[in-house]
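The values are calculated or read from the model by the stated rules, or taken from the named source; none is laboratory data. Given the structure is predicted, the values throughout are model-derived calculations rather than measurements. Here the Cβ is made from the backbone with ideal geometry for all residues, glycine too, and neighbour counts use every protein chain on show. SASA here: full protein model, heavy atoms, side chains in, ligands and nucleic acids out. Shrake-Rupley method; radii C 1.70, N 1.55, O 1.52, S 1.80 Å.
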Amino acid sequence: MGYVWMNGRLLPEAEARVPFLTAGLQYGMGVFEGIRCYATADGPAVFRLRDHIDRLLDSARILGFPPLPWEAEALVRAVHDTIGANDLQSCYIRPLVYLAEGGMNLSIDSGRPHVGIAVWPWNDYHGQGSDTGIRLNVSSHTRHHPNVMPTRAKVCGNYVNSFLAKTESIRLGFDDAVMLDSAGYVAECTGENLFLVSKGRILTPPAAGILAGITRDSVIRLAEDAGLEVREEWFARDRLYDSDEIFLTGTAAEVVGVREVDFRPIGAGVPGPVTRRLRDEYARAVRGLHGRSAEWLDRVPQQAQAAYKQI
Ligand code: PMP
C-alpha cells in the first residue's frame with residue numbers, strides 16, 4: 001500500500017481522504033503540479049523540482065490563496081519524503097493545494113488551503129505513440145481566454161476544458177487535441193505545449209495565454225544549446241498542416257512527435273530529425289546523462305529513501 005503526504009503527515013493511501021463538502025472538489029478550487037522522478041545511476045532524482053514547487057506557489061497566489069503554512073523548501077522535503085515512503089525509483093508526483101474547511105459561499109477567504117502530495121509509477125503517457133508519433137485534431141473546444149480563467153496557473157478547474165477536448169479527440173479516434181485560443185491561434189494541447197518546425201525554424205506560441213511548461217522551457221534551452229533558434233510567435237492552424245515537424249512537450253508526455261493533424265500527415269508522417277534529437281536530449285537530461293542534468297536534477301536524499309522503513 002502507498003502513502004500520501006497530507007498537511008504535513010504521511011498517511012496510508014486509504015486514510016488520505018477528502019470530505020464530500022470540500023470546495024476544492026465541489027468547485028475545482030485548487031492548484032496542482034505534475035512532476036516526474038527518474039531512476040538515475042545515483043538513485044531517484046526529480047526533474048526541476050524547485051521550479052515546479054515555485055510554479056505551484058505562484059498558481060496558489062494567482063488563484064488568491066493566502067500564504068501556505070509550508071514554504072517552498074518544506075514542500076521540496078515533503079516530495080522527497082513521499083517518494084521515500086513509497087520506495088519508488090521513478091514516479092509521477094502530484095502535489096495539490098485545494099480549498100477546504102469552507103469556501104461554499106464562493107469566497108476563497110472563507111476556507112483554508114490544504115496540501116496533499118501523491119506519487120505513483122507512470123510510464124509512457126502516449127503509449128506506443130510516444131515513439132511512432134501521435135495523431136491530433138484541432139479541437140472544437142476553445143482554450144480558456146486569460147480573462148476567463150488564469151491560464152498561467154495550473155488550476156484544477158482549468159482542466160475541465162482539457163477533459164472536454166481530450167475526450168472528444170479520443171472518441172474521434174485521435175490521440176490528443178490542438179487547442180486554439182479565442183482569437184483562433186494555436187495555443188497548446190490538453191496537457192502539453194506545442195512546437196512546429198518549418199523551413200529550418202522552430203516556432204512555439206508565446207507564453208501569454210498558455211501554461212508555460214517547464215518542459216517547454218527545458219526544450220527551448222536544449223535547442224539553443226544545440227544551436228537551434230526557437231521563436232515564440234502566434235500562428236494559425238494552417239501553419240500546422242504544411243509544417244515539416246510538430247512535437248509536444250510536457251512532464252507527463254515528455255517530448256513526443258506528431259505524425260498527423262486533422263488527417264494531414266506531418267512531414268514524412270514519422271517524427272522528424274529535430275524532434276528525435278530533442279526527444280533524445282531530453283531523455284538523457286532527465287536520467288542524469290546530459291550536461292544539463294546536474295543543474296536540473298534534484299536527487300532524493302538517502303534519508304528520505306529510508307523514511308518508509310520507519311513508518
Ligand atoms: N499545458 C498544459 C495545459 C498542461 O497541463 C501542461 C502539463 N503541466 C503543459 C502545458 C506542460 O507543462 P509542463 O512541461 O510544465 O509539464
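Cα centroids of segment 238-254 and segment 6-73: 28 Å apart. Annotation: per residue accessible area for segment 129-271 equals 40 Å², rounded to a whole number [probe 1.4 Å, protein chains only]. Checking every one of the GluC sites (Glu not before Pro) in segment 15-89 against DSSP loop status and a limit of 14 other Cβ atoms within 10 Å picks out Glu71.
Summing -39500 (n - 2.57) over the DSSP H runs of n ≥ 4 in the chain and dividing by its residue number, what mean residue ellipticity at 222 nm do you reach, to the nearest 500 deg cm²/dmol?
Values: 10 runs with 93 residues, N = 311.
One gets -8500 deg cm²/dmol as the mean residue ellipticity at 222 nm.
Principal axis extents of the Cα atoms in segment 1-92, from largest to smallest and rounded to whole angstrom, are 43, 29, 19. How much net charge surrounds Gly102 when only other residues with a Cβ under 12 Å from its Cβ are counted (Lys, Arg +1; Asp, Glu -1)? Around Gly102, the charge tally is -1. When the alpha carbon gyration tensor of the chain is reduced to an equivalent ellipsoid, its three semi-axes come out at 32, 25, 16 angstrom, largest first. The angle between the Cα long axis of helix 49-63 and the longest principal axis of the Cα atoms of the chain comes to about 80 degrees, rounded to the nearest 10. Got a number for carbon plus sulfur as a percent of the chain's accessible area, 1.4 Å probe? Accessible surface attributable to carbon and sulfur in the chain totals 51 percent.
Within the assembled protein chains, the solvent-accessible surface assigned to Met29 is about 50 Å², based on a 1.4 Å probe. Classify segment 31-182 from the C-alpha gyration tensor, please: rounded if a/c falls under 1.5, else prolate or oblate depending on whether a/b exceeds b/c. Because a/c hits 1.5 or more and a/b fails to exceed b/c, segment 31-182 counts as oblate.
For segment 109-225, the share of DSSP beta bridges that are antiparallel, to the nearest 5, is 65%.
When segment 1-156 is described by a simple charge dipole with +1 on each Lys and Arg Cβ and -1 on each Asp and Glu Cβ, the residue from Ser110, Met149, Leu96 located farthest towards its positive end is Met149. With the cut-off at 1.5 for a/c, could you classify segment 23-72 from its C-alpha gyration tensor as rounded, prolate or oblate? Taking the square roots of the gyration eigenvalues as a ≥ b ≥ c, segment 23-72 is prolate.
Computed from the C-alpha gyration tensor, the three semi-axes of the ellipsoid equivalent to segment 129-271 are 21, 18, 14 Å, from longest to shortest.
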